[in-house]
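The values are calculated or read from the model by the stated rules, or taken from the named source; none is laboratory data. Since we're looking at a predicted model, the values are computed, not measured. In this analysis, Cβ positions are derived from the backbone assuming ideal geometry, glycine residues included, and neighbour counts consider all displayed protein chains.
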């Protein structure tokens, strides 16, 4: 997601905006050779719409996108001058950084809830790092006194069950698994049922995109 955003925003802020003279425009940075030419500008609302579309296309949630655009407009509106692309880019970074910093509650705090077990679903296409992330998270949670049960719910990819089982053994946590090509939902159900008997039950389970198209998470 972040690589896609970085590339798209790079294209936006290095693009060639069209000519216009409206007061709400954003001035494109001028090079040395452009000093004698009319300033090239882009409508501010047009750029904001482009940024909004880019965020949504990169799978940023609608609520987060709305908040980013709202705060970006607010920050730009406070400026008493025309702003250039560099200013917009800087303000956009500040807005996103501020949202992340204000929502960085620790994992342990998030998981300290009354309803047990706490279920974490890892969903995505092959090669996106689901298993690796599960291993790191399981290790972290175990070292913070949590009881972790892994669910090998990716039952269709060759080697997925064995890979997660080896990882669980290395980390030192339990794993619930069924046979290859078994029902993914039944694996998740059994893992959650098993985790209910734990004091601090946490159940991360891995589901491939192929499985998700066929099953509803329990």
Which one is farthest from residue 10 (Cα to Cα), of the residues in region 41-64 that are surrounded by 16 or more Cβ atoms within 10 Å (Cβ to Cβ) and within 15 Å of the chain's Cα centre (by Cα)?
60
From the set of residues in region 182-218 that are assigned to a strand (DSSP E or B) and more than 21 Å from residue 108 (Cβ to Cβ), which is modelled with the lowest pLDDT?
208
Evaluation of residue 125 against (1) at pLDDT below 85; (2) over 16 Å from the mean Cα position of the chain (by Cα); (3) in the same structural domain as residue 192 (by TED's automatic domain parsing) (one fails), failing number
(2)
Got at least one residue in region 98-107 being at pLDDT below 70, surrounded by 11 or more Cβ atoms within 10 Å (Cβ to Cβ), farther than 25 Å from residue 7 by Cα and within 22 Å of the chain's Cα centre (by Cα)?
yes
Quick check, is residue 75 surrounded by 11 or more Cβ atoms within 10 Å (Cβ to Cβ), at pLDDT below 90 and in contact with a helix residue (DSSP H, G or I) (Cβ under 8 Å, 6 or more places away or on another chain)?
yes
Would you say residue 67 is more than 30 Å from residue 127 (Cβ to Cβ), modelled with pLDDT of 75 or more and exposed (fewer than 10 other Cβ atoms within 10 Å of the Cβ)?
no
Residue under question is residue 86, and the condition is that it be within 21 Å of residue 50 (Cβ to Cβ) and at pLDDT 85 or above; does it hold?
no
Among the residues of region 146-181, count how many are out of contact with any helix residue (DSSP H, G or I) (no Cβ under 9 Å at 6 or more places or on another chain) and either in contact (Cβ under 8 Å) with a residue 24 or more places away in the chain or outside any helix (DSSP H, G or I) (or both).
3
